[in-house]
Amino acid sequence: MSIPLEKSGKPNVHDYFCKTECTWCDGCGDYGIMAATKRALVELEIAPHEVALCFDIGCHGNTSDKMLGYRVHGLHGRILPFASGAKLANPNMPVLAFGGDGASFSEGVNHLVHSIRSHYPITFVLHNNANYGLTTGQASSLTWQDQPMNTSPNGIPEDTIRPMDFIFSLQPTFVARTWSGDIPQMTRVLKAAIQHRGFAFVDILQACPTYNKFATHEWLLEKCYDANADGHDPSDLVAAKKIACDTSEKVSCGILYQNEDRPHFYEKLVPRQGVKTTAVEEVEITDVSGLMKEFV
Ligand SMILES: Cc1ncc(C[n+]2csc(CCOP(=O)(O)OP(=O)(O)O)c2C)c(N)n1
């Protein structure tokens with residue numbers, strides 16, 4: 001299906017509709033996350049031809065053929081370098097990267113570290129179902145301790161990473177948490193993340209009814225609360241860390257921390273300062289047919 005190149009009035013969710021059959025399990029949180037992503041983009045009046053949607057490999061990554069937009073489906077664990085590069089080439093385009101906890105906290109965890117410390121101005125959406133979904137329910141580094149999984153029926157011998165402790169140790173400027181059953185909250189959080197000045201980290205606790213038998217939809221419904229409605233001030237770093245990291249009783253959701261004072265990577269890139277054009281505008285069309293003949 002082609003993407004309409006011209007804007008005809010304000011975008012609406014139907015502009016993002018894609019005919020591809022959905023292959024996710026019944027009750028998968030990916031349905032809700034995709035719906036909220038569309039709603040957030042539409043409410044910000046961003047049409048499919050105006051946004052880059054970069055997907056990692058995993059169940060969530062199959063969103064790449066289920067909604068429209070300029071989409072890429074990258075290598076497992078490697079979507080952040082791609083998304084960052086796309087943004088640096090075309091800083092005027094909103095760039096969203098989507099990754100699973102397997103991709104982002106195991107195989108590609110190095111890219112998450114460097115994306116946050118580099119402060120690339122992109123939105124990162126973590127589909128946190130606490131397991132490797134696409135490869136059928138192996139434990140990831142975010143799987144809870146003592147939970148039997150397909151290749152670790154006695155629970156994992158390693159310690160589970162505590163994602164919020166880890167993220168806050170990297171001095172982020174935007175940290176949010178939400179969950180896949182609350183579409184209005186996900187939409188609100190995603191809109192704020194897309195509009196944030198630098199790197200925005202959005203942890204979406206995602207129901208996975210087939211392989212995650214611990215953080216179920218019902219568990220999330222009972223435990224998650226809206227910290228912003230509860231009076232939490234996202235500019236308060238100490239309070240943000242506390243409510244983000246302590247999930248023993250309740251799970252705080254919403255915009256937990258935001259700081260717009262710090263310049264992002266592109267703003268600090270000296271050779272680009274004062275330059276009016278973008279890298280994509282500067283690329284000249286070059287005839288490479290002569291070069292290609294050398295390889296025939
Ligand atoms: C480089 C590479 N390593 C491993 C794989 C195999 N692989 C594909 S999907 C996947 C797990 C995906 O889990 P996660 O990132 O948590 O996403 P989910 O499927 O749960 O949405 C793995 C290990 C691969 N395709 N490429």
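Numerical summary
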read-out: Packing-based ranking, highest mean first, of 195-205, 84-94 given that Cβ atoms within 10 Å are counted; value: 195-205, 84-94
read-out: Relative exposure of Thr247, Thr20, judged by other C-beta atoms within 10 Å (fewest first); value: Thr20, Thr247
read-out: Helix axis angle, 79-89 relative to the chain longest principal axis, alpha carbon, degrees; value: 40 degrees
read-out: Degrees between helix 183-195 axis and first principal axis of the chain (Cα, 0 to 90, nearest 10); value: 40 degrees
read-out: R0 of 41 Å, Cβ-Cβ distance Ile161-Glu43: FRET efficiency to nearest 0.05; value: 0.80
read-out: Over 18 Å (Cα to Cα) - which of Lys66/Lys191; Lys38/Lys241; Lys19/Lys66 fall in this group; value: Lys66/Lys191; Lys38/Lys241
read-out: Rounded if a/c under 1.5, otherwise prolate or oblate - the range 38-118, Cα gyration tensor axes; value: oblate
read-out: C-alpha center-to-center spacing [the range 75-98, the range 213-288] in angstrom; value: 15 Å
read-out: FRET efficiency, 1/(1 + (r/R0)^6) with R0 41 Å, evaluated for Asp287 and Gln171 via beta carbons; value: 0.35
read-out: Mean separation of Cα contacts under 8 Å (6+ apart) over length of the range 209-294, as relative contact order %; value: 23 percent
read-out: Rough spin-label spacing in nm, given labels placed 7 Å along Cα→Cβ, for Val238 and Ala89; value: 4.6 nm
read-out: Peptides 62-69, 286-293, 275-282, 260-267 ordered by average Cβ neighbours within 10 Å, highest first; value: 62-69, 260-267, 275-282, 286-293
read-out: Ratio Rg/Rh [Cα only; Rh per Kirkwood] for the range 154-289; value: 1.11
read-out: Kirkwood Rh in Å, taken over the chain so that all alpha-carbon pairs contribute; value: 19.9 Å
read-out: DSSP bridge pairs, the chain: antiparallel proportion in percent, nearest 5; value: 20 percent
read-out: Between 0 and 90°, nearest 10: helix 109-118 axis offset from the chain longest Cα axis; value: 60 degrees
read-out: For the range 6-55, diffusion coefficient by Stokes-Einstein and Kirkwood Rh (Cα), 25 °C, 0.890 mPa s, µm²/s; value: 204 µm²/s
read-out: Charged-residue dipole, Cβ positions (Lys, Arg, Asp, Glu), the range 13-293 about Cα centre, Debye nearest 20; value: 460 debye
read-out: Charge-dipole axis of the chain as Lys and Arg at +1 and Asp and Glu at -1 on Cβ define it, positive-most pick from Phe166, His14, His127; value: His14
read-out: Relative contact order computed over the chain (Cα-Cα under 8 Å; 6+ residues apart), in percent; value: 17 percent
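None of the figures in this text is laboratory data; all of them are computed from the coordinates on show. All of these numbers come straight from a predicted model, not from anything done at the bench. When we count neighbours, we look across all protein chains shown, and the Cβ atoms used for this are built from the backbone with ideal geometry, even at glycine.
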